[in-house]
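The values are calculated or read from the model by the stated rules, or taken from the named source; none is laboratory data. Just so you know, these numbers come straight off a predicted model, no measurement behind them. Here the Cβ is made from the backbone with ideal geometry for all residues, glycine too, and neighbour counts use every protein chain on show. Ligands, DNA and RNA are excluded from the accessible area calculation, which covers all protein heavy atoms including side chains. Shrake-Rupley method; radii C 1.70, N 1.55, O 1.52, S 1.80 Å.
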There are 2 protein chains.
Amino acid sequence: MDLTTVNIIETDGGVTAPLGFKASGIHCGLRKNKSKRDLAMVYAECDCSVAGVFTTNKVFAAPVGVTREHIKNGHARAVICNSGNANTCNSDGYDKANATCKAVAEALGISEDDVIVASTGVIGVPLPIEPILSGIPELAKSLERSIPAAENAATAIMTTDTKKKEFAISYNYGGNIVRLGGMCKGSGMIEPNMATMLGFITTDVAIEPELLQCALSGVIADTFNMISVDGDTSTNDMVTVLASGMSNIPTITEKDGAYEAFEKALRYLCTKMCTAIASDGEGATKLLTCDVRNFNDIAGAKKLAKSVIKSSLVKTAMFGADANWGRILCALGYAGIEIDTDKIDVRFVSRAGSILVCENGRGHEFDEDEAKKILSESKITIDVDMKLGDVNARAWGCDLSYEYVRINGDYRS
Amino acid sequence: MDLTTVNIIETDGGVTAPLGFKASGIHCGLRKNKSKRDLAMVYAECDCSVAGVFTTNKVFAAPVGVTREHIKNGHARAVICNSGNANTCNSDGYDKANATCKAVAEALGISEDDVIVASTGVIGVPLPIEPILSGIPELAKSLERSIPAAENAATAIMTTDTKKKEFAISYNYGGNIVRLGGMCKGSGMIEPNMATMLGFITTDVAIEPELLQCALSGVIADTFNMISVDGDTSTNDMVTVLASGMSNIPTITEKDGAYEAFEKALRYLCTKMCTAIASDGEGATKLLTCDVRNFNDIAGAKKLAKSVIKSSLVKTAMFGADANWGRILCALGYAGIEIDTDKIDVRFVSRAGSILVCENGRGHEFDEDEAKKILSESKITIDVDMKLGDVNARAWGCDLSYEYVRINGDYRS
C-alpha cells in the first residue's frame, strides 16, 4: 500500500463529509429499546455514480436482491437501512424491500430505482413494515449535512456493535480537495468473500460508474474480504459507494493519475472501516493482524493469512496472551496451500515490542514474560515470514472471548 | 447405515477386548500432575495386519511421519503413545520418535518397524525423551489383557478430554465371534479431513492389510471426517487398526459377506468413537447432529452438513437453546454448494420432541417454549430436508461455550 504519492488527511465526521450528502437516523420502532436508533438514511443532492459489492451467500436477503437491481444502471441517490430485522427468508421480503424504496422515493422526490435498501438483524422473522413506512417522512425531514446527522445514521445501523464506525478523509489532487466518508457496522458473521457487514461510502469525486465499481471491487478484495470475526458469511452484507462529483476535479474516465489517487484514498478509508469492524468483533478484546510475507503467490498468501486469523485455537490463545505459536504453524499447515514448513519464521509484534518465537519451522527460545507483555496489548501482529518469494498479504481478525459466546448464545432475546 | 444384517453387541472394555491384545498405561513424567498417566502401550501377541489414516495438515508431527513408514508393509505389533507433548516442529523430532520405537522394540522383542508411535500435546516444545525411555520397560512389564489395563491406556492418551473414550463390540459371523475394541482422545483441534484426534482400534478378525486399509478409509470418511469441534485440523492425528486374526473366521481376502460384516462393525465402532469425541469437544455441553436429507449429491450433502456443524453462530445458538434457524440457512448458503433455498425445511429434534421451524426456506410459526424445551436437551439433531434427491449425509459437532474459551485461552500453563 503505497500512500506516499497522495497526501491523505483524516477528518471528523462520516458520510456527510463529502460535498452533496445529507444523512439522518431515527428510532422508528423496529427495536424494543426506544433509545436505540434503528433506521438510517443517506441522501445525495444530485445524481451519483454508484458501485456495490454484495454477499456471496446463496441465501441472501431481499434488500440485497433489490439493491443489486437498482445499482445496475450505475446511478443512485439515496440509502435506506434498518437494523433489528434482516428481511431474509420471509415470503414477503421483496414486497417489503420494494415498498421501502417506494416510500423513500416519494419522500425525497427521486426515482425508486435510485434507492439502495439494506437491512440487518435477525433472519427469518417477517419485517414489520409499518414503523419503516411511518418513519421515512421523519427521516427525510431531519436530513442534514452535519456531523451529528452523520452520527445518527451511523448509530442507527449498529446491531451488536459496541462502537459506532464512521470515518472521513480528504486528499488534494491537482489543487482540488476530494472528500470520502463512510459508515459501517459489524460485528458477528464477519468472514471474507464480501460477506462481511454493511458499509456505506460517500465521496464527492467525479467518476464514471464502471471505474467506481472497478476501484471498489479491487479495494474490497484486500480490505473487507481480508477480515474474519467468526468465519460465518452473512446473508445481508453489502458495501456501496455513492460519488456525487461535487468536488472540482474533472470526471475520472480512465485509469489515470486521478483514478490512482482516488483508489488509494478509497483503500485507506476501507482499511480504516474494516479494521474497526475486526477490532469490534463480537466479544473481541484485541485486534489481530496477520502478515504473511515473502510468499510466492498472492492468492496463497491471502489464504494462509486468513487461515491463521480464522483459527479458533489461535484466537483463544491471543485472548489469553499465550504465545502458543504451534497453533499458528498448524493453521498454516491446513490452509490447503503448498508451503515449506522448514523455512517459516513467526514473530509476535505489538506496541510493547517484537519477539521471535519460531525460526525455520522450529521453536526459537524466547522469554515467556516478554512474550506475555507483547501479547497483552490490544493490537497484535502475527508476523509470518515464509521465505519463498516476495509477495505479502495481510488479514485482520480478533480474539475469541467469553463475551462472543454470551452475545451469540441468545441473540434473539 | 444398515446394521440389520449383522448383530452387533456392545461389550465392556476397550483395546484388550479382542483376542491377542494387551495394554498398559503409566505416568512416566511428561505431565506435571503425577496422578495423570501420560504413556500408553498396546501390544499384540502375534503379527497383525495394520491400516492407518493420518492428518492432512502440511505441518505434521514426527511420529506421524515415522508411523506412516512403519505401516507401509501392512504389518505391525505395538502402539506407543504419549500425551503432554506433540513432538511437532522440533529439530530432533524424528530422532526421538525413532528412539522411542527402538526402545519399544527392545522391550517387547519385536521389530522397530512394527511399532506405531503417536504423540499429543503442545506443539514446538522439544519432547523430553528420558521419561519415555525409562518408562517403556515398566509399560512392557505391566501389559495385561484386562479391562483395567485397557482403561489405563485409554486414560494415558487423554489431554483436555473430560472422559476416557473406549469402546468394545462383538458380532457373530458364521458361528464365530469377532471382537473389536478402540480407544481415542479428542477434544480440541477437531475437524474433518482425517485430522481429528488419536484413535487406536484392535480386532481379532483375520484380514489382508489392503482390505483392512480399504475398510478403514471408507469408514473414516463417514465418521471421524464428519465431526468438527472447532474447525482446526491438528498436526498429529491418526487412526490405526491392528487385526490379530485370532478369531476363528477364515482370513478375509476379498469383499465378500465376511468383509461386509466386518466393515459394518468397524463403522459402528467408529461412530461410537467419533460421537464421543464430538460430545466431549472442549467446553461442549451438547452433542449436535446435523442430518442433511434428500439432497442430489453425496459430496455436497456432506459439505452442507459440515458447514452447519462448524458455524460458530449455530454452535453458540445451540449452547443458548435459541431456535435461531436463520443461522442454519445462512450456513447452508455459504457452504459453496448449489442449493434451492426455497425448498429447505429445518426441524430441531431431541428426546423432548421435534419441531418444524422453517418450511420451504421461510419461517414456520412455532412455539418458542416448546423449541426451548427441545433445545435444552444434551443431544440435538438439526434435521435439514433439501427436497432435491435421495442422498443423505450426517455430521456431528458440539456447541460453543464459555468453557471452550477458558480451556484454550491458556492451554500451555
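In table form, for the structure just shown:
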{"item": "When residues of segment B:31-70 are limited to those that are at pLDDT 95 or above and assigned to a loop (DSSP other than H, G, I, E, B), the one farthest from B:CYS214 (Cα to Cα)", "result": "B:ARG37"}
{"item": "Filtered residue count, segment B:83-109, keeping only those that are under 23 Å from B:ARG37 (Cβ atoms), modelled with pLDDT of 95 or more and either touching a Cys at 6+ places or on another chain (Cβ under 8 Å) or more than 14 Å from chain A (Cβ to nearest Cβ) (or both)", "result": "11"}
{"item": "Positions within segment B:1-30 being among the acidic types (Asp, Glu) and either at pLDDT 90 or above or part of a strand (DSSP E or B) (or both), in sequence order", "result": "B:GLU10, B:ASP12"}
{"item": "Hey, A:CYS270 more than 11 Å from every other protein chain (Cβ to nearest Cβ), open to solvent by less than 20 Å² (accessible area, probe 1.4 Å) and not in a helix (DSSP H, G or I) or not", "result": "no"}
{"item": "Complete set of residues in segment B:396-405 that are over 10 Å from B:MET318 (Cβ atoms) and assigned to a strand (DSSP E or B)", "result": "B:TRP396"}
{"item": "Residue that is farthest from the other protein chains (Cβ to nearest Cβ), among those in segment A:33-82 that are among the basic types (Lys, Arg) and closer than 28 Å to B:GLY336 by Cβ", "result": "A:LYS72"}
{"item": "Residues that are touching a residue at least 60 places away in the same chain (Cβ under 8 Å) and open to solvent by less than 20 Å² (accessible area, probe 1.4 Å), drawn from segment B:210-219", "result": "B:LEU212, B:ALA215, B:LEU216"}
{"item": "Within segment B:290-320, tally of residues that are open to solvent by 10 Å² or more (accessible area, probe 1.4 Å), assigned to a helix (DSSP H, G or I) and within 7 Å of chain A (Cβ to nearest Cβ)", "result": "2"}
{"item": "Filter result (polar (S, T, N, Q) and surrounded by 23 or more Cβ atoms within 10 Å (Cβ to Cβ)) within segment B:60-89", "result": "B:THR67, B:ASN82, B:SER83, B:ASN85, B:ASN87, B:THR88"}
{"item": "Flag if A:LYS164 is away from chain B (no Cβ under 14 Å), open to solvent by 10 Å² or more (accessible area, probe 1.4 Å), farther than 29 Å from A:PRO250 by Cβ and over 16 Å from the mean Cα position of the chain (by Cα)", "result": "no"}
{"item": "Condition check for B:GLY281: at positive phi and touching a residue at least 24 places away in the same chain (Cβ under 8 Å)", "result": "no"}
{"item": "All helices (runs of 4 or more DSSP H) inside segment B:87-167 with 1 or more residues being of a type in the set (D, E, K, R) and over 24 Å from B:LEU180 (Cα atoms)", "result": "B:93-108, B:129-141"}
{"item": "Of all residues in segment A:351-365 being more than 11 Å from every other protein chain (Cβ to nearest Cβ) and open to solvent by 20 Å² or more (accessible area, probe 1.4 Å), the one that is nearest to A:PHE295 (Cα to Cα)", "result": "A:LEU356"}
{"item": "Subset of segment B:242-269 [of a type in the set (A, V, I, L, M, F, W, C) and either out of contact with any Cys (no Cβ under 9 Å at 6 or more places or on another chain) or under 30 Å from A:VAL314 (Cα atoms) (or both)]", "result": "B:ILE249, B:ILE252, B:ALA258, B:ALA261, B:PHE262, B:ALA265, B:LEU266, B:LEU269"}
{"item": "Answer residue from segment A:212-265, given it is acidic (Asp, Glu) and part of a loop (DSSP other than H, G, I, E, B) and is nearest to the chain's Cα centre (by Cα) among those", "result": "A:ASP237"}
{"item": "Residues (more than 8 Å from chain A (Cβ to nearest Cβ), free of Cβ contacts under 8 Å to residues at least 40 places away in the same chain and under 9 Å from B:ASN360 (Cα atoms)) located in segment B:332-345", "result": "B:ASP342"}
{"item": "Restricting segment B:354-375 to residues that are small (Gly, Ala, Ser) and at pLDDT below 95, the residue that is nearest to B:PHE319 (Cα to Cα)", "result": "B:GLY363"}
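Every residue, every condition in (1) surrounded by 24 or more Cβ atoms within 10 Å (Cβ to Cβ); (2) aromatic (Phe, Trp, Tyr); (3) within 11 Å of chain B (Cβ to nearest Cβ), yes or no:
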| site | (1), (2), (3) |
| --- | --- |
| A:ALA221 | no, no, no |
| A:MET226 | yes, no, no |
| A:ASP256 | no, no, no |
| A:ASP322 | no, no, yes |
| A:ILE328 | yes, no, yes |
